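The next block holds one structure in the form of structure tokens; read it before the comments.
Each value in this text was obtained by applying a stated rule to the coordinates, not by laboratory testing. What you see is a predicted model; the values in this text were computed from it and never measured. Methodologically, a virtual Cβ is constructed for each residue, glycine included, from the backbone with ideal geometry; neighbour enumeration extends over all protein chains shown.
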Amino acid sequence: MARYGGLYEDRSLPLTADINLINLVDVAFTLLVIFMITAPILQGGVEVQLPQAEVAPLPATEAIVVSVDHEGAIYIDDAKVTYDEFKAVIRDVWNQKGTPPVYVQGDERANFGVVLRVIAALKAADISAVGLVAEPEVRRR
């Protein structure tokens, strides 16, 4: 006779191999809610008020985002730079990241001359894959 110990030494209990899925589903939904709340926060970047236009969504590819805020400050991704620093480092940053497209997002209150100078500096650095970022226009019926 095999001894298994415990109160039921001599009685054989049926083994059940059930998995309680309720706890698993609860954890999955909790994680989903957490990611849904934190995903917009983690996007980061510089806060600019983009102009509205009839635009298509950007493709989900790796890119360099150059931002011009309403005061005319220039940012490469999240790093604030002066115009002279921008001209000096943008080519190196572009090569370092594997020549991705560059998206320029200018605040709608920004001086257009600053945005134009940024685009001219990108062209001078022989970066041809440059796009402008805008908010999709809300259509009213």
Quick one: of the DSSP bridges fully inside the stretch 52-136, what percent are antiparallel, nearest 5? 40 percent
Report the full-extension gain for the segment Glu71 to Val25: residue separation times 0.36 nm, less the Cα-Cα distance, to one decimal in nm. 11.7 nm
Extension length gain for Val130 and Thr38 (0.36 nm per residue less Cα distance), in nm, is 30.2 nm
Once R0 is set to 22 Å, what does the formula 1/(1 + (r/R0)^6) return for the Cβ-Cβ distance between Glu137 and Thr61, expressed as a FRET efficiency to the nearest 0.05? 0.40
Alpha carbon convex hull of the stretch 71-127, projected area averaged over orientations, nm²: 3.7 nm²
Fewest first, what order do Val55, Val102, Val115 take by the number of other Cβ atoms within 10 Å? Val55, Val115, Val102
